[in-house]
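A short worksheet on the structure shown next.
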2 protein chains.
Amino acid sequence: MSKTARFPAPQDKAESEEGTLFAPRFDADGLLPVVVTSAKTGEVLMLAQMNAEALARTIETGEAHYWSRSRGRLWRKGEESGNSQRVVELRTDCDQDAIWLKVEMEGADAACHTGRRSCFYRAVPLKGAGDVALRFVDAERQFDPEAVYRHPGAAKGTLKSSE
Amino acid sequence: MSKTARFPAPQDKAESEEGTLFAPRFDADGLLPVVVTSAKTGEVLMLAQMNAEALARTIETGEAHYWSRSRGRLWRKGEESGNSQRVVELRTDCDQDAIWLKVEMEGADAACHTGRRSCFYRAVPLKGAGDVALRFVDAERQFDPEAVYRHPGAAKGTLKSSE
């Protein structure tokens, strides 16, 4: 079975943009980018990837599953950290090549493997703003990554983001 | 000059995740995915790509610039539609391979080339929800794409999303 056979093949532009058939357009690697936001606060928690199996399992179970490019395997968010994501709403975009997940965190309120609520905990200064260094925002740790991920690499950041 | 030479080379994991040096990690094509949200409502408006030049111009001008893969060129959001994006905040993620832009729309309140506020105007049903077809949500058009984009392909959706 082809990697994406569990979904209809991508349709022409008119159907893809204005139709009601969900026919996601996976990229050459069989992946779709997924924006994950908090259903509670609206903040962007992470940007991840899904292959067809991760997308199908997410739809079937209502629990977020992703494809880890660094580990080359499917993962259910929280399978190691205990901090999983219940899907409140799943949307696709105009040309059906991206996904937006609104989720509720279960466990610690932390989507990032560094222990923070969101992976986006640093702001980049805009010209004219005066500062030149990244500025930490909403960067309090909700858990200790060394305690949660028992293998030595975790706390040193050898895990790819978000798990 | 290399395509990414205007930014420092990516750092090791510890510095990349916990440091204050902005050293974005572009992919093999020299691109970064960019989540764009409304500073006003928090909703996800679009998912786009930036190359180093687009990122540098966005930081310098405070106006969102992207790389169009379909057209193979840099574009300032709104250069054709008139609906541009003023950047309120720019963030990077833990491993500095993604960007989150909070923007205010200028012109029509529509980030999507279909005339809608957001590109994510359809929800995918979760198993058990009863429905099987995509459901339109927040899908009112803010402008008529045929009137805004004067070339015949635009309204038929031959333009890539969001411009």
Completion exercise
Helix B:52-61 sits off the longest principal axis of the Cα atoms of chain B, rounded to the nearest 10 on a 0 to 90 degree scale, by 80 degrees
Exercise for the section: Using +1 at the Cβ of each Lys and Arg and -1 at the Cβ of each Asp and Glu in the range A:1-105, identify which of A:ALA48, A:PRO8, A:ILE99 lies farthest towards the dipole's positive end. Expected result: A:ALA48
Handout entry: Calculated SAXS-style log₁₀ I(q)/I(0) at q = 0.12, 0.18, 0.20, 0.22 Å⁻¹ - the range A:1-110, Debye, Cα scatterers
Key = -0.40, -0.88, -1.06, -1.24
Completion exercise
Once both label points are put 7 Å beyond Cα along the C-beta direction, the B:ARG135-B:ALA9 separation in nm becomes 5.1 nm
Exercise for the section: Report the residue, chosen from A:GLU60, A:GLU80, A:GLU140, that carries the largest GNM mean-square fluctuation when chain A is represented by alpha-carbon nodes joined by springs under 10 Å. Expected result: A:GLU60
Fill in the blank from the handout: D (µm²/s, integer) via Stokes-Einstein for the protein assembly as shown, Kirkwood Rh across alpha-carbon pairs, 10 °C, 1.306 mPa s: value 79 µm²/s
Problem - Label geometry 7 Å along the beta-carbon vector: B:GLU104 inter-copy distances in nm - result: 3.4
Practice task
Using a Gaussian network model of chain A whose springs link C-alpha atoms within less than 10 Å, name the residue from A:GLU63, A:GLU43, A:GLU15 with the highest mean-square fluctuation.
Solution key: A:GLU15
Fill in the blank from the handout: Inter-copy distances for A:GLY30, nm, shortest first, label points 7 Å along Cα→Cβ, are 3.0
Problem - Descending principal axes extents, the range A:20-81, alpha-carbon based, whole Å - result: 33, 32, 20
Practice task
Between A:VAL88, A:VAL35, A:VAL44, find the one with the highest GNM mean-square fluctuation for chain A; connect C-alpha pairs within less than 10 Å.
Solution key: A:VAL88
Exercise for the section: Give the cross-link partners of B:LYS40 among the aspartates and glutamates, using a straight C-alpha distance below 13 Å as the criterion and excluding same-chain residues fewer than 8 apart. Expected result: A:GLU43, B:GLU89, B:GLU104, B:GLU106, B:ASP109
Fill in the blank from the handout: Rg (one decimal) and Dmax (whole number) from the Cα set of the range B:46-107, in Å, equal 11.2, 34
Completion exercise
The chain B residue whose Cβ lies closest to the rotation axis carrying chain B onto chain A, with that distance rounded to whole Å, is B:GLY42, 2
Exercise for the section: Using the 7 Å Cα-to-Cβ label point, sort the distances from A:ARG6 to its equivalents in the other copies shortest first and give them in nm to one decimal. Expected result: 4.2
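Coordinate-derived values only; no laboratory data. These figures come from a predicted structure and were not determined experimentally. All Cβ positions, glycine included, derive from the backbone under ideal geometry; neighbour counts span all protein chains shown.
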